[in-house]
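Quick notes on the structure that follows.
The values are calculated or read from the model by the stated rules, or taken from the named source; none is laboratory data. All values derive from a computational prediction rather than experimental measurement. In this analysis, Cβ positions are derived from the backbone assuming ideal geometry, glycine residues included, and neighbour counts consider all displayed protein chains.
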């Protein structure tokens, strides 16, 4: 180990699914107003953090398609160091399991885990709410991972209300492509006027994903994955894609469907979580 590195911490960065996603309007600055239901699942990236005594922030190792200067973990570490005025540094090792551009929140979750872990390693003792405010500067999906609970979200995704969801297992299929979120949200055919719903009016399976039609038109392979999965259960796309998912009552039922997928279809089976694995690290 580098002599400049001291303590080490290994942490998960779990995926999320959007059980529904409605676009209910658009702000004057161009940001879309959403209503969505976030569900954490136990499929995750793994991050290792080693505190540095020389004050440098580095990511160790090459990741195809994710240069360090674009990595949200590096940006999150730099943002927290600047906001907290600490002189500590860190080396970050990212073991990537979540697909890039898949709509399961991989980059956002990595960033949130970085904030939570460094808050602990650097001894900052920031509260959850303070860290959530900082997280929003990194992206609309980052705050929910700091929030740490399955949540009904409004606004651009930053207004969060904790919800209790029933146990479930999910088959998640991951087409091997990265969907451009910016292109999907700028598509002229995107529905932007869904009627807002109240938090009490949905169930875990209610709603739809307003981005799905646009993504399926732009990326026919996503439509093919959805078509196959819908032969076995109600299915939807998560986030801006490309991943699609279906819920099952048991692990065995989910595995049975997953094992019957056509050759070449990739993905995973995951259990729904009640809380983020690092929930207890924040007050």
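When residues of the range 240-283 are filtered for being over 26 Å from residue 117 (Cα atoms) and within 15 Å of the chain's Cα centre (by Cα), how many remain?
Count: 6.
Looking only at the range 197-209, decide whether some residue is buried (at least 21 other Cβ atoms within 10 Å of the Cβ) and in contact (Cβ under 8 Å) with a residue 24 or more places away in the chain.
Looking through the range 197-209, at least one residue is buried (at least 21 other Cβ atoms within 10 Å of the Cβ) and in contact (Cβ under 8 Å) with a residue 24 or more places away in the chain.
Condition check ((1) modelled with pLDDT under 85; (2) farther than 14 Å from residue 247 by Cα; (3) touching a strand residue (DSSP E or B) at 6+ places or on another chain (Cβ under 8 Å)) across all residues:
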position: 171; (1), (2), (3): no, no, yes
position: 177; (1), (2), (3): no, yes, no
position: 184; (1), (2), (3): no, yes, no
position: 199; (1), (2), (3): yes, yes, yes
position: 205; (1), (2), (3): yes, no, yes
position: 213; (1), (2), (3): no, yes, no
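Against the condition assigned to a helix (DSSP H, G or I), within 24 Å of residue 18 (Cα to Cα) and in contact (Cβ under 8 Å) with a residue 60 or more places away in the chain, how does residue 117 come out, does it pass?
In short, no.
Which ranges mark the strands (runs of 3 or more DSSP E) fully within the range 1-112 that have 1 or more residues being modelled with pLDDT of 95 or more, surrounded by 23 or more Cβ atoms within 10 Å (Cβ to Cβ) and touching a helix residue (DSSP H, G or I) at 6+ places or on another chain (Cβ under 8 Å)?
Answer list for the range 1-112: 5-26, 32-52, 89-95.
Could you look through the range 229-246, keep only residues that are crowded, with 18+ Cβ neighbours inside 10 Å and out of contact with any strand residue (DSSP E or B) (no Cβ under 7 Å at 6 or more places or on another chain), and pick out the one that is modelled with the lowest pLDDT?
Taking the range 229-246 first, the residues crowded, with 18+ Cβ neighbours inside 10 Å are 229, 235-246.
Of the ones still in play, those that are also out of contact with any strand residue (DSSP E or B) (no Cβ under 7 Å at 6 or more places or on another chain) are 240-242.
Working: 240: 93, 241: 88, 242: 94.
Here the answer is 241.
Please determine whether any residue of the range 248-255 is in contact with a strand residue (DSSP E or B) (Cβ under 9 Å, 6 or more places away or on another chain), surrounded by 15 or more Cβ atoms within 10 Å (Cβ to Cβ) and not in a helix (DSSP H, G or I).
Start the filter on the range 248-255 by keeping residues that are in contact with a strand residue (DSSP E or B) (Cβ under 9 Å, 6 or more places away or on another chain), which leaves 248-255.
If we keep only those that are surrounded by 15 or more Cβ atoms within 10 Å (Cβ to Cβ) too, we end up with 248, 253-254.
Going one step further and asking which of them are not in a helix (DSSP H, G or I), we end up with 248.
The answer is yes, given that some residue of the range 248-255 is in contact with a strand residue (DSSP E or B) (Cβ under 9 Å, 6 or more places away or on another chain), surrounded by 15 or more Cβ atoms within 10 Å (Cβ to Cβ) and not in a helix (DSSP H, G or I).
Taking the criterion of being touching a strand residue (DSSP E or B) at 6+ places or on another chain (Cβ under 9 Å), within 22 Å of residue 36 (Cα to Cα), without any contact (Cβ under 8 Å) to a residue 24 or more places away in the chain and assigned to a loop (DSSP other than H, G, I, E, B), would at least one residue in the range 218-228 satisfy it?
no
Is the range 170-180 home to any residue that is surrounded by 13 or more Cβ atoms within 10 Å (Cβ to Cβ) and in a helix (DSSP H, G or I)?
no
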